[in-house]
Amino acid sequence: MSFASLGLSAPLLRAIDESGYATPTPIQIKAIPAVLAGRDIMAAAQTGTGKTASFALPLLQRLTSGPQVKSNHIRALVLTPTRELAVQVGQNVANYGKHLSLKSAVVYGGVKINPQMMKLRGGVDVLVATPGRLLDLFSQNAVKFSQLETLVLDEADRMLDLGFSDEIRKVLALLPKRRQNLLFSATFGEDIRKLSDGLLNQPLQVEVSPRNSTAQSVKQWVYEVDKSKKAALLSHLVRNQGWTQVLVFIRTKHGADSLVANLIRDGIAAAAIHGSKSQGVRSRVLAEFKANRIRVLVATDIAARGIDISELPLVINYELPKVPEDYIHRIGRTGRAGSTGEGISLVSADEVKLLAAIETLIRLTLVREVENGFIPTHKVPLTRDVRVRPKKPKKPKQKLDRGAGPKMEQEEQDNNTKPRRGGKPAIGNRRQKTADGRNKPRPEAGAGAAKKRLSSKPKRGAPPKNSPRKPR
Ligand code: AMP
């Protein structure tokens, strides 16, 4: 199967060739012809499947015919949950469209609005936006929708998790009724199905990886280690295994900063990205990591969302995520289209329940290893001896303490305080003021990750697929 056989035009084929893509990925094979034909799409696809190109390429091709865009108007809108993802999608659109004479722009919160208003003045063919900033721009008459032909909702599940349901509905109400709709989501829970009901018109349903599964091209395993030895083990592994580009996930901003300090003390070039780092710092750090000047990038879940580093070889879970679905999102950073990767978790005894919940979700018992010199004094119990029940969303307390003792820093999380659909507040919300003094900061303005509900049901009586390996 070639890109040319999917019906793409010469300027796009040239850009694809220059990007080094030899063959289309499964989602591209299914989605590109359908989008070119003007159909609506509902696609279950994780980051790493080539989903961005699957909508961006045919979208650009369709926009090459049709009317000239008028000032302050847009012809296609891509909504994304975070500014990082917006930037990345915007870069992809610009890259794929570089041999076409179409205009694109990216807008998101947390930065000055004026330059974005200027960009929109002449009109743009493709606008990539986070929902909050888009509505702000609309309220200032900077963006108009009457010429809009196509709407893309990218990572729709994440948008709902981050509390953007109302914003999305507001945006939908502003758009022309006749339009093409493309909906992409890693998971298809009840909320997404409800959203898609009124939105999509006889959509083509595309599923490229089974729901709640991790990419098959990712080799995953666990190092059992005492909590107090994790930092030393990480430095040891980076040095001894010769790892050159490692993305490390951690739960808290403070934890990220102190781990980076530790790595640097051990002579390893490292940097952190998290919600308290400015957009400029995040972009700079990411560029240095991509250029291999930083060997270890330590990130909280929200900061890492949408990070696109092609062929990232390795993802480390320094701590397991409290929300099992985040494991899938984390591991999705490696083993991307056409490449293989490794996902390694450093697990201490106190994390066994989290490990059990993850294994239940991915339906796989992860192989365990122990590194010489780091044999844990507190053995991690076998997960089959641990019972995990799906969590129900709880009402958040005024100030949420994650139960880890008074000194432990709160996990970085979404600070959107708006009640979720159905009147239930998002789990783990906390109230903060925005830079402009509002009480409802938007996630794209640098907030942390929202907590997801555990939606998976444990597979009753299912024996583990792999039994734990003996320590080396
Ligand atoms: P996405 O799922 O859109 O986040 O894309 C994941 C990564 O795969 C990005 O780095 C893309 O540049 C890359 N990619 C997309 N399509 C292809 C393809 N057909 N062949 C190789 N890499 C691709």
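The values are calculated or read from the model by the stated rules, or taken from the named source; none is laboratory data. Remember, predicted model here, so these are calculated numbers, not experimental data. Ideal geometry is used to build each Cβ from the backbone, glycine not excepted, and the neighbour counts take in all protein chains shown. We work out accessible area using only protein heavy atoms, side chains counted, and drop any ligands, DNA or RNA first. Shrake-Rupley method; radii C 1.70, N 1.55, O 1.52, S 1.80 Å.
Projected label points at Ser276 and Lys290, each 7 Å from Cα along the beta carbon direction, are separated by 2.7 nanometres.
List the residues whose amide H sits under 5 Å from the amide H of Ala45, counting only those 5 or more places along or on another chain, with H placed 1.01 Å from N in the peptide plane. Placed amide hydrogens put Ser185, Ala186 under 5 Å from Ala45. Take the Cα of Glu207, go 7 Å toward its beta carbon, and the backbone nitrogen atoms of segment 31-54 under 15 Å from that spot belong to 42-46. Using a probe of 1.4 Å, the accessible surface attributed to Ser101 totals some 120 Å² when neighbouring protein chains are kept in position.
With θ taken as phi - 60° and the Karplus curve 6.51 cos²θ - 1.76 cosθ + 1.60 applied, the whole-hertz 3J(HN,Hα) list for segment 124-141 is 9, 6, 10, 10, 9, 8, 8, x, x, 5, 4, 5, 4, 5, 5, 5, 9, 6 Hz, x standing for glycine and proline. Report Lys30's accessible area, 1.4 Å probe, all protein chains in place, as a number in Å² to the nearest 10. Approximately 100 Å² of Lys30 is accessible to the 1.4 Å probe. When nucleic acids and ligands are ignored and a 1.4 Å probe is applied, Tyr327 ends up with an accessible area of around 0 Å². Sorting the segments 245-251, 114-120 by their mean number of nearby beta carbons within 10 angstrom, highest to lowest, gives 245-251, 114-120.
For segment 4-207, build the charge dipole from Cβ charges (+1 Lys, Arg; -1 Asp, Glu) around the Cα centre, then report which of Thr25, Gly90, Ile41 sits farthest towards its positive end. The listed residue farthest towards the positive side: Gly90. The modelled label-to-label distance between Ala37 and Lys353, using points 7 Å beyond Cα along the C-beta direction, is 5.0 nm.
Gain on full extension, evaluated as 0.36 nm per residue between His99 and Ser9 minus their Cα-Cα distance, stands at 31.3 nm. For the listed peptides 154-161, 121-128, a ranking on the average number of other beta carbons within 10 Å per residue, highest first, reads 154-161, 121-128. Farthest towards the positive end of the charge dipole of segment 218-385, among the residues Val352, Trp243, Ala261, is the Cα of Ala261, using unit charges on the Cβ of Lys, Arg, Asp and Glu. The length gained by stretching the chain between Thr340 and Tyr21 to full extension, at 0.36 nm per residue less their Cα-Cα distance, is 113.3 nm.
Centroid-to-centroid, using Cα positions, segment 181-200 and segment 251-325 are 31 Å apart. In the structure shown, the pairs Lys194/Lys253; Lys30/Lys170; Lys253/Lys379 are assessed against 32 Å; a Cα-Cα span above that value is assigned to Lys194/Lys253.
Between Arg179 and Asp197, full extension at 0.36 nm per residue minus the direct alpha carbon distance yields a gain of 5.0 nm. Residues whose amide H comes within less than 5 Å of that of Val107, counting only those at least five positions distant or on another chain, are Val128, Ala129, Thr130 (H built at 1.01 Å from N in the peptide plane). Charging the Cβ of each Asp and Glu at -1 and of each Lys and Arg at +1, and nothing else, the dipole of segment 218-385 about its Cα centre rounds to 360 debye.
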